[in-house]
Each structure stands twice: as C-alpha cells, then as structure tokens.
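Here's the structure, in structure tokens; my notes come after.
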Amino acid sequence: MEIFLIRLLQFMLAIGLLVLLHEGGHFFFSKLFGVRVEKFYLFFDPSIWKWDGSLFKWKPKNSDTQYGIGWLPLGGYCKISGMIDESFDTEQMKQPEQPWEFRAKPAWQRLLIMIGGVLVNFLLALFIYSMILFHWGDTYIPMENMTYGMKFNAEAKSYGFKDGDILIGTEKGAFKEFSVDFYRDLSEATRVDIIRDGKRQSLSLPGDINLLGMLKADPAFARPFIPAEIDSVMPGTPAAEIGLVKGDKILAINGKAVDSYNEFTDQIGVLEDMMTAAKTSADSLKVRTVTLVVNRQSAGQDTVAVTLTPELRMGFFVQSLAGLYKPVTKEYGFFESFPAGVKYGWNVLAGYVGDMKYLFSADGAKSLGGFGAIGSLFPPMWDWYLFWKVTAMFSLILAFMNILPIPVLDGGHVLFLLYEVITRRKPSETFMIRAEYVGFGILILLMVVANLNDILRWLGYM
C-alpha cells in the first residue's frame, strides 16, 4: 500500500504540473491577443445532480476568468470564449460574434493560441532534461565495459549471438548504455560489432527486427549477464535457513543447470507458471519445494532442498549492475546543460515517435497502458531524479499526443486552422461540432482500451 501511495502521489504531482502548464500556454496566448478565458481548471468538473463539480473555485475581482479544481483527475481545461471545444457549448456560438472571442481573431493568432499548450510542454521537457544534466549529470554504465557480456534468448541466438558476447555498436555508431535505445539500434541494424572471446568481430542482422517483440520477449532478447553468485542474504528467509552466504554460487535448480542469475530467474518464472495452475495448497507446496545445487565457498558443491516463500522468493541478492561495473558520470556546467538537454530530449521524442508505428499492430494495441501503467513508471520510493526524468518524458508525450490531428485535441484545431489559412474559408460550425464529437469518441475509446489492458495485465490475462 505504501508503494502504491508513493507512486500515486508522484503521478498526481506530475500530471497536475503538466496540465497546469499546458493549459497555461493556451491561457498566455489568449490573454496576449485579448481573448476572454471563461474558466481555467485543473481536472474536469462535470456536474453531479445539484453540485457543479468544483472542489475549489475562485474568480478574482474585475476578472473574466474563474479558476478552479474539478473532481475528475483526467487532465484539465481552459474554456476560451467563442471556441468550439470539448465543452460543446453550442449556445454561445449562436450569439453574435464579439471582439473578445476566439472566433473573431485572425487565423494566425488562433493558431498560436492552439499550439501554446504543446509549445509549453515541449519547452518544459527540454528545460527539465537540461536541469537534470546540470544537477545530477549523466550517469551510465558503458556497454563496452560490461565484461561479463550479455545473455541472449533463442531468437537472438538465431541471429548468431552467443552468451557472453560484449556488444559494442552497430553501423549507426557505438552503443552508449543498456536502454531502450540499445534495443532500437539493434532492431534497425544490418551489422552489429561485438567482442567474443577477446576478439572483435561483426554479425549481420536483418535490419528490421520487431522492436516491440524484442521488448516484450520473455526471456529478454538481450540482457546483461549477471553471475548467480550470492552477494547478501536476508535473515529469516529460505536462503538463510539453508545457510547460503556471500560468495556461494547457484549451479542448478530442480535439475536444470544455470550458468547465471538470468537463467535462475527464468526458472523461477517457470515455477510461477506452475503456481498459477496449482489447484490445492499441496500442489502449491510441491511447486515451492525445490532442489538446489550450490557451490559453497566453505564446503564445495552441495545439493540441498529448500521451500520457497509463497511469492517464490529465496531471500538472497546478487550484485547489481552498478556493483559489477563502475558507472561513468559526465557532468555539465549550467550553460553546457542546455544544448545537451535539448539533444537528449529530442532523442527521446524521436524514439517515441518512431515507435508509434507499432501501435497499429495487434501487439501494439495490447501494449497500450492506462493510468496503472503510467503510474508504475514512477519509482516505488521517492526519488527526485527519477521523478523529474519521468515527468519530462510525460511532458514530451503530452506535447506529441496533443498535436496529433484528432478533433478535440489541439492538433485537430490546428489542422482546421491550417485548412482555413490555405483555403481562406472557415469550416462550418456544424462540421466543427460533429468533428469534436468524433474526436471525443476516439479519445474515450483509446482510454477504455488502455485501462482495460491494465486490468487484464493485473488479472494475469496479458
């Protein structure tokens, strides 16, 4: 419960900040061009019976704008006079046009008002990335320094990879670190450079490996090789009961030889599948009772039976990547951080946009995530570095998603404004209203699918 609350708090803080600044972008350009803003709300405020839906509202003296917080935390809005938006206020549009209304302003001003939110989110993300680099620097473990190499699944081995290969780079350049960019480069590469048995060589790749398949594969397409050597043991756990200590090595589990911690966790995954099929407590206990072959530092090879916890935990830890390899930190001065932050943010956005093609596949639709998936990206403990990094990524995603040419989103309004600029004709109000309904329906459908995926994943059906 504590982890859930910490993630929820981070999620609410990030979304609140991003929505406020996004709507603030629309607000700024509206005020700049003399357009009246009727309501500026964090979260939505649909009325319920006799309640107007506002948790808080305030209208300054001599102001046309009511500020408030709604009860439905799905975003926020800036209600601009004389504009057809998600409020579907058609009565206002039947009244004579007023000089302070959105519809009375020239197309270029309306265009700036509509892209104001996207512009703020995009610049905010670049600023956050810059400040992250300035304050914390860029810390990572270079791929070429991972001297144990990588562990590969069957698909990767079909392309010629072998466990222990150290991956250097592709024809596009050297790998920096183990991240989604590493997988992205591999998926598009026709050549990959490796070090095998101390010798540098190259492998040919098809250049079109399915990235989504690589990321979803279990076991993973490629992952850092981690020795199955005990680093520490938690008191009172199964590992402690059978006397495991630092330096002991796991050689096999249930007769299956393991050459790494990677393979040990794979075998635990097999047990988890068996636990799902267990019908009785006796069946469960049988699955949890395993036989280990251990190379003990004190007494050599030993075979021992142990009963895992109901969560199939042993209670020992191995060295983390940061423990196996020394991280490298590149520090940036204040002014150096801005071009570096812009480059970093642009790479994140380019990767995200490039991966959108997978959305239109069956696996891509299944990979959609709702509020649960978004919240799980935040760390289980409060960490300002990770919080700001995730927030910056969300800011970029919010900017990109809002500029998509879907009616009801900013991009839909921009599309209609560009049509007006090119043809010098405004789309009819009837068309705009119908387009808003269509766009709203598309968004609701996407939201339902994304959150249904979260529920199905939680129930174990995906």
- Quickly rank 37-43, 171-177 as a protection proxy: mean count of other C-beta atoms within 10 Å, highest first. 37-43, 171-177
- Item | Residue-wise HN-Hα coupling along segment 274-290, computed from phi with Karplus coefficients 6.51, -1.76, 1.60 (Hz; x: Gly, Pro) | 5, 5, 4, 7, 5, 9, 10, 5, 5, 4, 5, 5, 5, 5, 6, 8, 10
- Message: Keeping all protein chains in the complex and leaving out DNA, RNA and ligands, what accessible area do you get for TRP388 with a 1.4 Å probe, in Å² to the nearest 10?
- Response: 80
- What list of ³J(HN,Hα) couplings, whole Hz, do you get for segment 389-398 from phi and the Karplus terms 6.51, -1.76, 1.60, once you set θ to phi - 60° and write x for glycine and proline? 5, 5, 4, 4, 4, 5, 4, 5, 5, 4
- Which of LYS151/LYS326; LYS151/LYS357; LYS61/LYS426; LYS39/LYS343; LYS151/LYS246; LYS79/LYS343 exceed 30 Å between C-alpha atoms? The answer is LYS61/LYS426; LYS39/LYS343; LYS79/LYS343
- Task: First compute the accessible area of segment 146-199 with a 1.4 Å probe, then give the percent of it belonging to carbon and sulfur atoms.
- Result: 51
- Net lengthening on full extension, ILE433/LEU8 (0.36 nm per residue, minus Cα-Cα): 149.5 nm
- GLN66 versus TYR385, label points 7 Å from Cα toward the beta carbon: distance in nm? 4.6
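Is the shape of the chain best called rounded, prolate or oblate, per the rule: a/c under 1.5 gives rounded, else a/b larger than b/c gives prolate, else oblate, with a ≥ b ≥ c the square roots of the Cα gyration tensor eigenvalues?
Prolate shape, in that a/c is at least 1.5 and a/b is the bigger ratio.
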- Extension length gain for LYS256 and SER281 (0.36 nm per residue less Cα distance), in nm, is 6.5 nm
- Accessible surface, the chain, averaged per residue in Å² (probe 1.4 Å): 54
- Message: Sorting check: for 431-440, 389-398, 182-191, which peptide has the highest mean count of neighbouring beta carbons within 10 Å, and how do the rest follow?
- Response: 389-398, 182-191, 431-440
- Query: From largest to smallest, what semi-axes in whole angstrom does segment 1-142 give when each is the square root of 5 times an eigenvalue of its alpha carbon gyration tensor?
  - Reply: 33, 22, 12
- Where nothing but the Cβ of Lys and Arg (+1) and of Asp and Glu (-1) is charged, how large is the charge dipole of the chain around its Cα centre, in debye to the nearest 20? 700
- Item | Estimated inter-spin distance, GLU144 and GLU331, nm [label 7 Å along Cα→Cβ] | 2.4
- Taking the chain and counting helices only, DSSP H stretches of n ≥ 4 at -39,500 (n - 2.57) each over all residues, the nearest-500 ellipticity at 222 nm comes to -15000 deg cm²/dmol
- Task: Report in % the part of the accessible area of segment 214-256 that belongs to carbon and sulfur, leaving out ligands and nucleic acids; probe 1.4 Å.
- Result: 56
- Hey, can you grab everything whose amide H is under 5 Å from the amide H of GLY137? Only 5+ residues off in sequence or another chain; H modelled, so Pro and N-termini drop out. TYR332
- Item | Whichever aspartates and glutamates have a C-alpha closer than 15 Å to that of LYS176, once near sequence neighbours (fewer than 8 apart) are set aside | ASP138, GLU144, ASP185, ASP193
- Query: What list of ³J(HN,Hα) couplings, whole Hz, do you get for segment 444-449 from phi and the Karplus terms 6.51, -1.76, 1.60, once you set θ to phi - 60° and write x for glycine and proline?
  - Reply: 4, 4, 4, 5, 5, 4
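The values are calculated or read from the model by the stated rules, or taken from the named source; none is laboratory data. Everything numeric in this text was worked out from a predicted model, so none of it was measured. Reconstructed Cβ throughout: ideal geometry from the backbone, glycine too, with neighbour counts over all protein chains shown. Protein only, heavy atoms only, side chains kept; ligands, DNA and RNA dropped before computing areas. Shrake-Rupley method; radii C 1.70, N 1.55, O 1.52, S 1.80 Å.
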